[in-house]
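Peer 1: First the structure, then my questions, so here it is.
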Amino acid sequence: MNPRYKIKTKRRVSSSEKAPLQLAESSLVRPKPFIQSAAFWRIALAGALFIALLSFFAFSGTTTSHAQTSTTTAPATTAPATTEAAQAAPVMPVGDPGGLATGSGGDLAGIAPFCTGLPAGCAPADDAGKAKNQAFLDAAAKSEPYAANLSNMVRQNQLGVNYVWTLVAGFLVMLMQLGFALVETGFTRYKNAFHVMGMNFAVYFIGMLGYYIAGFAFQFGGIGNIGVPNLGGLATLNNEIKIGGWGIIGGKGFFLTGDNYDVGVAVMFLFQMVFMDTTATIPTGAMAERWKWLSFVVYGFFVSIIIYPIYGNWAWGGGWLSQLGTSGPLGSGSPFGAGYIDFAGSGVVHAIGGWTALAGAIVLGPRLGKYNRDGSSNPVPGHNMILAITGTIILAFGWFGFNPGSTLGASGGGNLRIGLIAVDTMLAGSAGAFVAMLITWIQGKRPDVGMTCNGLLAGLVAITAPSGYVEPLGATIIGIVAGGLVVFFVGVVDRFFHIDDPVGAISVHGVNGMWGQLAVGLFADGKAQYASVTGLFYGGGVGQLLAQMVGAVVAFAWGFGISWVFFKVLGMVINGNRISESMELAGLDDGEMVQGGYMDSDPLAGKWPYPAAPAIATAVLS
């Protein structure tokens, strides 16, 4: 057994100690105010320099964009020479904060004849094609003004439907924050309830600020070069930083200023921000009951600015993983099918969150008393399974925003598939829950409802990447496999690797996030209209599976690797990521919070270790 996971004392509580978990107030070590420490000033200085640097790039880019726009966006005239000049000159995008221009002009779906990209719109066209489209539409507006106005109205209505759908889906995903908070609080102990709930609350606004400052720009700063027709193209997000033709990171959209003060960009930001927050929330469960609040706050900015957005750019923002297919730099000789595909985020959201949680849990080490000297594991049951089940149901409801909402629209471009995506989501979650319940029932003679909750979540995580590309039967099979995986790997992580994960987040999100990534390459049936993706089981060969394997390996290497380094360095800067032993024994509600989650005494105080009770996977491998 790795000695770092041994508890530091073998002392048994004597009968003379009436309440070993109720420490005297004088024995609880309380640190001096953080604002007086050197660590505070180091972090504050680094943050100020970082924000100042981003502000410089954001506002200097804004000035340039407006200057260029003023000289290149004048309407074309009917004179032949002027029309030719307009066709040759690049069309510089400009933001639309008033919402009056979006849905008219060059982003009219199916109207302008020079589109070179997706059938749902003209955003992917090159500059010459966009100039020709604009000239064509200007001429049409003069010759047929009624038809031109009608086409503008139709397109704006279509965009309105898509905007409302995407926003409502984002609101549902935001509700998942409550689901995570309830699940994690229920699975942890009474004395830490408010601390766990508080982290799930605080990561929402901390992560949002970080994503607003820079995370969104790093992830989607170049998405306009590809185009998002369902939201009007988002052409102002047109700066993807590349190396040798491969996208590495976005470079526009900091603070949503300048050209990116835009109605379409705002919709995209809200929807993607709540996805980021899901990733940020996952480690709060795996690292619960011993994570220092200061470390958590710094982590909230790091995950929302660096960890999540950079991998998200590679997969969703036009980065190199999405370019692995035949349409990327490798061309028709690419062995990677359509490139890495992750419809709603089994990899981008869940695997990254799960592998970050793995790194954090390893760096923190297990809770006091979790493992014995012989390596055996003690169950540490959660205090309220009612909260956990309630949170699971809320998460399942929010997933209808997560997966169907990832079409970013409900009108045009094959978006009517949202109904199938919703059904696939339900089936996979239900199959995962049933399998987890069945396995624990057979093993323990009684069903473990806590593990059943994780089975449901595992099925939902696994179907997230393939949900846009698979039939209901495939979704059910994916969920069945996920339910078995989560039961098995919760036991493996705990009893073989001796990694303390109070809620099973590593197995639910990391392991099943990876399974969802791979499932695209197996079960995609080629029927979706918004992308041509066919997996191995449907005659597509191994190309797509290879791309998914690359995406899964990169997700693990990036998510675990950068997080492990981050937590190690942060621990050196702030004198450890973990609270003191005395504070852990007394409870983090008492040690780090102004008040506790419950305003009465702990009914389990004086009983150490806590009495054995059914918990997540207590006998998985027995």
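The values are calculated or read from the model by the stated rules, or taken from the named source; none is laboratory data. For clarity, every value in this text was computed on a predicted model and none was experimentally measured. Here the Cβ positions follow ideal geometry from the backbone for every residue, glycine too, while neighbour counts run over all protein chains shown. Just the protein is used for accessible areas: all its heavy atoms, side chains included, with ligands, DNA and RNA removed. Shrake-Rupley method; radii C 1.70, N 1.55, O 1.52, S 1.80 Å.
Peer 1: If I stretch the segment between residue 449 and residue 140 completely, what's the gain in nm (0.36 nm per residue apart, minus their alpha carbon distance), one decimal?
Peer 2: 104.9 nm
Peer 1: Round to the nearest 0.05 the FRET efficiency obtained for residue 49 and residue 157 when R0 = 56 Å and r is the Cβ-Cβ distance.
Peer 2: E between residue 49 and residue 157, to the nearest 0.05, is 0.75.
Peer 1: For residue 476, what is the net charge nearby, where nearby means another residue's Cβ is under 14 Å from its Cβ and Lys, Arg count +1, Asp, Glu -1?
Peer 2: -3
Peer 1: How much length is gained on full extension from residue 150 to residue 293, taking 0.36 nm per residue of separation minus their Cα-Cα distance?
Peer 2: Extending this stretch completely gives an extra 45.9 nm.
Peer 1: Moving on. Relative to the present Cα-Cα distance, how much length would full extension add between residue 531 and residue 168 at 0.36 nm per residue of separation?
Peer 2: Between residue 531 and residue 168, full extension yields 128.3 nm more.
Peer 1: Could you tell me which residue out of 459, 444, 488 lies farthest along the dipole of region 429-502 toward its positive end? Charges go on the beta carbon: Lys and Arg +1, Asp and Glu -1, centred on the Cα centre.
Peer 2: Result: 444, furthest along the dipole toward the positive end.
Peer 1: Taking 7 Å along the Cα-to-C-beta vector as the label spot, tell me the residue 598-residue 441 distance in nanometres, rounded to one decimal.
Peer 2: Simple spin-label model gives 3.0 nm for this pair.
Peer 1: Hey, another quick one. Between residue 100 and residue 488, what's the calculated FRET efficiency when r is the beta-carbon distance and R0 is 56 Å? Round to 0.05.
Peer 2: 0.50
Peer 1: Here is a further query. Quick one: Cα centre-to-centre distance for region 460-500 and region 402-459, in angstrom?
Peer 2: 10
Peer 1: Measure off, as a whole percent, the carbon and sulfur share of the 1.4 Å-probe accessible area of region 158-227, all protein chains present.
Peer 2: Here carbon and sulfur together make up 88 percent of the probe-accessible area.
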